[in-house]
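Read through the structure below, which is laid out as structure tokens, and then see the notes.
The values are calculated or read from the model by the stated rules, or taken from the named source; none is laboratory data. Note that the structure is predicted; figures quoted are calculated from it, not measured. Methodologically, a virtual Cβ is constructed for each residue, glycine included, from the backbone with ideal geometry; neighbour enumeration extends over all protein chains shown. Heavy atoms of the whole protein, side chains included, go into the accessibility calculation; ligands, DNA and RNA do not. Shrake-Rupley method; radii C 1.70, N 1.55, O 1.52, S 1.80 Å.
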Amino acid sequence: LAEPFGLTRASGELQPCLALFHRLGQLLYFKGSDCVVLDPQWLLDAMAQVVGCPRVLANQPPSLTAALRCHGRLNAALLQHLWAGDRFRDHIETLEAFLEHFDLLVPALKDAGVRWLVPSMLPSCRDPPGLDGATVVLLDFHGALRKLLVTLLPRLLCQLQRIENTLKVISIYRDTVSFRLGEPPVFAALDLLPPASPVVVRLSVVPGVSGQFMEVAKLKWVLETVRKALRAWLPQISFAAKIPCPECSSNAYSLDCFRTSRDSARALSHVLDMAELMSERHLYCTAKHRPVTEKQLPVVFRRWRQDNLNVLNCPPAALAFNDEGRLPSAFVTYMYASPLGQGQLDVASEMQALQQTEGISAEVHVATTDKLCNVLVAAQASSVILHLTAHCSMRPVPSVWLEDECSGPRCLSDKELAEVGPWGRVSLLIFLGCGSELLVRRLLDRCGPFPAVCCNNPVFDSAAKNFVKAFYHALGVGSSIEDCYRWAQQSVRFAGNGMQQEADKFVLIGLDAAHASTTAPIRDLALAAPSASSGWYWPQNKRVEQYIARSDLALNVAQLLLKRKVGMVWGQQGIGKTAFCREFCYRFSAPGGRLFSKAALFIDARDLAATSSGHAAADAADCEGNDLRDRLARLVLSELAERGPRGRITALAACGATSSTMVPASASEQTLLTRPGRWQALLDVGRQMDGAEGLWLLVVDGLRDPDMKTSMEIALVKVLQDLLDAAAKLRILLTSSGHWKRLGENKIVGIEVEPLPPRQAALLFARNMHRRLYLHDFEPPPRGPALQEFKPEPLREEEAFERLEASKLLRSLGGVPGRLIKAADEVDERLPSLLQHSFVAGHT
């Protein structure tokens, strides 16, 4: 057919042409075949005759059809009968060759008594093979397993028999095969794990003689025989051998951890790679973040590892434990920048991972240019592990976003970052900003070399948290930089939840031979004692759910309180003053040098208007007396005890909050602690706070309009003024529905809280609704006959936002968060349309 077009074997173009049309699905062809199937459907129809074989077939013994239907075993005579029709009778050899090539039929084993096995008709194994005390090896096919599922085990068993004459089949199923091979024999089984959604093939081997230990040489031979069989069948496919982690698995052969696909993903992360097992590296469980000792390994793998290390003549280095039996702490300088106006980074989880990691000591700093310079200069005395968490940008040049003293954004290009300070003594840089690799490479070109872990693309927050946790756990047990990186990357890869692809986004660069071959750079840092500033604490202030950030307002308030002692945010009821202040306290109380890292306290003015019995204050005289001072002191000291700096100041605050007469803790503090009354205790604590670095903040929320202020609020002005006089580093932020002018001698600079812009108002409204939005929420539904065919469909997110922004309902709410949330609560299945909302109709 092809000769008139010049496609001949001699020309060399026939085979490429056939291969092309085969890939396009126009014909079927494989290299070495003398035939070409021009109609692929013809081959499928032939296979359909086999798969659709009836239970009873004329002129054929019932045992042959039963063997095919129940056990997937196809007799040659039965096959000829199935293909006795005119379409197939004259092409049986061609059909067999093509179906065998495409693994639709597998040549039967020598002792099977049949001609073919049909993989798709093999039954599944109901019970796993019972090999007690088996040595287990997991074969990881690197994602290729799913393409081989149906044919893998029978075809692999067929190849094993071709290369090993001693093989004797015990059982064969679609997902499990068991056999005996070798002299003296060993019993082995191959099965897919987990059965519902296979990820690996489990190879289980036991000696043929009961009570005998598995020999290393015998296990090596079995594993190599399986590898040869696979290579003979599919040269382009390979597998990595792994073993169940002894730190996690008490019974490696149990199927309990593979019941569901979700559990199996987690269980399969509890493995050790054989290549890692046979090297001089320390073993480490990436699932539980714990080291694995040789004593925990099964005997055969322990002997295999020891034999391999003896050949290499490089026994693993011993870990340097101190007198208490613990590894010395590696010291990490953690710096973070999450400036206002950009997406807020979840630095709290990274700090928590550092705190909870044994063997790691850390100091925390906000990444300002001054602080980064100080850290790099101080590193000249000793090397430093620097962890930088910050946003990156690539345009117009690679840059990093740091913070200023008020948490505003400060952008540094790669050149400016290199000039901040001396980078020569950085032992390791960990910079997991999205796409940070280009920036770090330019930094290394200017200031390197030194090892650095960074990201080559945007990465999920959950993946970054997992990587950081695993990396520092490995670092804490004294592992090398390369091992820490590799184990952390594996931890992300096996974490599940869609994070497998994230693992390759973490890259290790700048690692020269000196760093790669030893853990010395890390161990040097273990000798460096943490400085006095290394203790840190982030108080968990009450957060606001579904909060819409007001970055400009927060920056203005921070700049105001940096210069003045008293500030105020004011605005109409429901505008979001309380929510803003709570989020402001949480953000600026972050440790490491934020504006109010020392303490950011929040009290409600309504709590000051109640006596100890819970009733409203009787008269102005009561408010102006010691009762108001005592109540204010109790609230402030309680907040300070819970959210203040850890240490003696917090202890003093807790003592003052719970008793009116403080009890001395030491002779040196006799004068301080025996002064009566909570108020005096608060003044003393305020003076102690002045002795520490940084400012502290007190928010008094819920004052009335100045034209309607009560006698309690008038007295509160005098009390707060006295507190300001006693505590020089105290800043006070008030909230009210109107602008107060003065607090005693201090001018109050007020900042009005503006309504939310339409886009943010629509976002807040949408977050608090109880159903999706439809077209008939913004346009009247059709009338008449068209109403019967009307089927509402939810709007796409972007279109819903655009219509919501321009809607009459949102305009009537005026961007006031309180009104937006109240109105959103009415939007549920009972509300037919936003056009019928009570706020649109004028009802509130």
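Counting only protein heavy atoms and using a 1.4 Å probe, the accessible area of residue 174 comes to about 80 Å².
Exposure check, 1.4 Å probe, all protein chains in place: residue 822 carries approximately 110 Å² of accessible surface. Packing here is the average count of other Cβ atoms within 10 Å per residue, and on that basis the peptides 234-240, 135-141, highest first, run 135-141, 234-240. A cut-off of 5 Å between modelled amide H atoms, ignoring neighbours fewer than 5 places along the same chain, links residue 332 with 361, 362, 363. Projecting the alpha carbon convex hull of region 433-477 along each direction and taking the average yields 3.5 nm². For residue 245, the residues whose modelled amide H falls within less than 5 Å of its own, excluding neighbours fewer than 5 places apart on the same chain, are 271, 272. At q = 0.24 Å⁻¹ the log10 of I(q)/I(0) for region 191-249 amounts to -1.19, computed by Debye summation with a single uniform scatterer per C-alpha, solvent ignored. Taking a quarter of the surface of the Cα convex hull of region 679-793 gives a mean projected area of 13.0 nm². Directionally averaged projected area (region 366-407, Cα convex hull): 3.6 nm².
Between residue 601 and 697, 698, 699, the built amide H atoms are under 5 Å apart, and every one of these is 5 or more places off in sequence or on another chain. Descending by average beta-carbon neighbour count within 10 Å, the peptides 735-742, 89-96 line up as 735-742, 89-96, the highest first. If the viscosity is 1.567 mPa s and the temperature 4 °C, what translational diffusion coefficient in µm²/s does Stokes-Einstein give for region 800-844 when Rh comes from Kirkwood over Cα pairs? The estimated diffusion coefficient comes to 121 µm²/s.
Exposure check, 1.4 Å probe, all protein chains in place: residue 152 carries approximately 0 Å² of accessible surface.
Return the subset of 415/465; 709/747; 542/822; 218/242; 542/747 for which the Cα-Cα distance in this structure is over 24 Å, preserving the input order. Provide the component values of the computation, followed by the final result.
Details: 415/465 29 Å; 709/747 18 Å; 542/822 21 Å; 218/242 17 Å; 542/747 29 Å.
Too far apart for the 24 Å limit: 415/465; 542/747.
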